[in-house]
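Single-structure report; data block below.
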Amino acid sequence: MSRFAVVSPPFHSHAQPMSVFATALSRAGAREVTFACGPEFAGLAPELPFAAMRTTRDSNSGIAERTEQDARSAQQLTDFLVATQGGAAAALLAQTRRRRAEPLADPGQVLHHLAALHERLRPDWYVVDQIDYATTLALHALDLPFVSFVTGHPTYLVARDNQFFGLPQAWPSAVRVPPAELAELAAEVRQTDLAFTASYTRFLREAAPSRPVPRRAFALTSSRAAVVNYPDLPWLPPLPQQQRQIFLGHCTTPAELDDVWLDRVRGRRVLLVALGTFLSARHDVLRKVVEGALRIPDLTVVVAAGGRVAELADLAENPRVVLESVVPQRALLPHVAAMVHHGGNNSFTECLAAGVPAVVLPFSSDQFAIAHDAERSGAGVCLDPNAATPEDVTAALGSVLREENPFAQLRDAVRAAGPDRGAEQLLAALDARPQAPSVPPRLLRPS
């Protein structure tokens with residue numbers, strides 16, 4: 001059996017599912033699996049060998065605002081949160097402009113770290129986050145065999161000339177972007193696409209001149225396989241034909257509530273409210289959600305408030321509100337009646353596996369496409385987080401709480417998939433073990 005190195009960027013929402021899949025690969029019979037990530041994530045896969053490797057300057061260990069990072073990254077987080085207040089187009093514009101300003105964060109350093117890791121471990125295959133651009137480019141430059149791991153919506157796999165990373169391929173009904181704003185966004189993501197490709201070209205010509213330059217940087221992906229942490233929904237747009245996509249449905253493991261949390265939720269009808277590690281900072285939206293939810297009698301509201309517990313402390317005076325900075329989301333889901341989330345991949349797929357309907361409030365990135373899929377599958381309804389009122393929240397929650405088991409067939413399909421079956425499928429797809437090339441001698445010096 002082959003040896004693997006699973007390399008994750010230092011973001012909890014990416015590292016958590018990738019560590020679960022790394023462990024599943026080991027259970028499925030891979031000879032050795034090393035999990036590589038920032039040192040603060042060493043405990044995510046305790047059964048596996050760990051290699052400390054940071055592939056990006058930014059990081060998020062669980063609450064973005066509390067993660068220690070440099071002043072520049074902290075300011076960019078603040079600017080992004082301000083942009084989300086302007087609506088979908090403003091948030092997406094801020095994201096694509098930042099990508100264009102910094103197409104790659106120190107790719108030469110990442111290449112050298114990866115070359116050193118390869119010299120030490122000699123894995124047969126790497127598993128790398130599709131949007132960990134510097135690592136994907138380094139693997140391409142070193143001509144090392146890799147599998148792409150999609151931690152977001154499947155459209156992160158760019159397959160068509162008219163598809164651009166950062167421009168949602170589908171929108172939920174509640175989010176209406178004015179045509180002029182949509183045209184501006186489309187023009188900006190095209191410019192970012194060109195800038196990224198130019199950056200890749202410059203890097204490869206200097207660091208690995210013998211390697212082919214990808215026609216489009218965002219389309220650089222494994223030629224063999226992609227592991228997609230998502231259900232295989234029938235309406236997904238076409239994906240790259242040169243690779244096999246293995247859909248996990250979800251990438252979670254069973255988690256148990258401790259006695260303290262069991263006492264808080266036992267015998268109650270519970271709503272879980274969590275907007276993710278970044279967007280919990282939008283305490284104005286959290287407040288609207290809680291106020292709307294409390295209009296429903298006998299509903300206990302559990303809120304993951306991140307770094308904004310103080311701003312929402314008055315809400316916790318209500319005995320039906322449980323307010324914490326962090327909550328055990330995966331362990332709580334089997335005990336809740338519904339969830340309000342931001343359309344993050346993990347929240348969406350965890351709700352599907354638990355059979356929990358959702359009200360989705362998308363702010364940025366792939367959250368609009370995920371909110372669209374939640375609506376179309378019957379797994380939830382969507383509200384515009386900036387325009388919704390507490391009354392809108394009450395009505396939306398009433399609609400998802402009214403119907404019992406609204407997406408039972410999809411829930412069962414997602415449960416039947418999962419990381420263990422996906423790991424077995426990947427090992428079967430890679431049964432012809434390649435000979436890993438040696439590291440090219442001409443490498444950039446680390447800065």
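Every read-out reported here was derived from the displayed coordinates using simple, explicitly stated rules and does not represent laboratory data. The structure displayed is predicted, hence computed values, not measured ones. Backbone-built Cβ (ideal geometry, glycine too); neighbour counts: all protein chains shown.
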Over the stretch 259-416, what is the relative contact order in whole percent, taking alpha-carbon pairs under 8 Å and six or more residues apart?
22 percent
Go through A429, M339, P212 and say which Cα lies farthest out towards the positive end of the charge dipole of the chain; charges sit on Cβ, +1 for Lys and Arg, -1 for Asp and Glu.
P212
Kindly identify the stretch 104-220 as rounded, prolate or oblate by the Cα gyration tensor criterion: order the square roots of the eigenvalues as a ≥ b ≥ c, call it rounded if a/c is under 1.5, otherwise compare a/b with b/c, prolate if a/b is larger, else oblate.
prolate
Length-normalised contact order of the chain in % [C-alpha pairs under 8 Å, at least 6 apart]:
18 percent
Gain in span if fully extended, R421 to E324, counting 0.36 nm per residue against the direct Cα distance
31.5 nm
Run the dipole for the stretch 264-313 about the Cα centre, Lys and Arg Cβ at +1, Asp and Glu Cβ at -1, nothing else charged, and hand back the magnitude in debye, nearest 20.
180 debye
Under the rule rounded for a/c under 1.5, else prolate if a/b exceeds b/c, else oblate, using alpha carbon gyration tensor axes a ≥ b ≥ c, the stretch 149-296 is classed as prolate
Based on other C-beta atoms within 10 Å, arrange W125, W171, W235 from fewest to most.
W235, W171, W125
Alpha carbon centre of the stretch 164-188 versus the stretch 97-152: separation in Å?
29 Å
Acute angle (nearest 10 degrees) that the helix 179-207 long axis makes with the longest principal axis of the chain, alpha-carbon atoms:
30 degrees
As an exercise, use a Förster radius of 35 Å and the Cβ-Cβ distance of R176 and R211 to find the FRET efficiency, rounded to the nearest 0.05.
0.20
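Placing unit charges on C-beta atoms (Lys and Arg positive, Asp and Glu negative, everything else neutral), compute the dipole magnitude of the chain about its Cα centre in debye, rounded to 20.
In debye, rounded to 20, the chain gives about 1180.
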Percent of beta bridges antiparallel (DSSP, the chain, rounded to nearest 5)
0 percent
Against the 2.2 N^0.38 Å scaling, with N counting residues, where does the stretch 259-416 land? I'd like the Cα-based Rg ratio to two decimal places.
0.94
Checked against the positive end of the charge dipole of the chain (+1 on Cβ of Lys and Arg, -1 on Cβ of Asp and Glu, about the Cα centre), the farthest of G166, L275, A413 is G166
Using a simple spin-label model with points 7 Å from Cα along the Cα→Cβ vector, what separation in nm is obtained for R295 and A316?
2.6 nm
Kindly identify the stretch 206-255 as rounded, prolate or oblate by the Cα gyration tensor criterion: order the square roots of the eigenvalues as a ≥ b ≥ c, call it rounded if a/c is under 1.5, otherwise compare a/b with b/c, prolate if a/b is larger, else oblate.
prolate
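At 222 nm, what helix-only mean residue ellipticity would the chain give, in deg cm²/dmol to the nearest 500, using -39500 (n - 2.57) for each DSSP H run of four or more? Let's see the in-between values first.
Working: 15 runs with 179 residues, N = 447.
Taken over the chain, the calculation gives -12500 deg cm²/dmol.
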Full-stretch length increase - N405, A387 - with 0.36 nm per residue and alpha-carbon distance subtracted:
3.6 nm
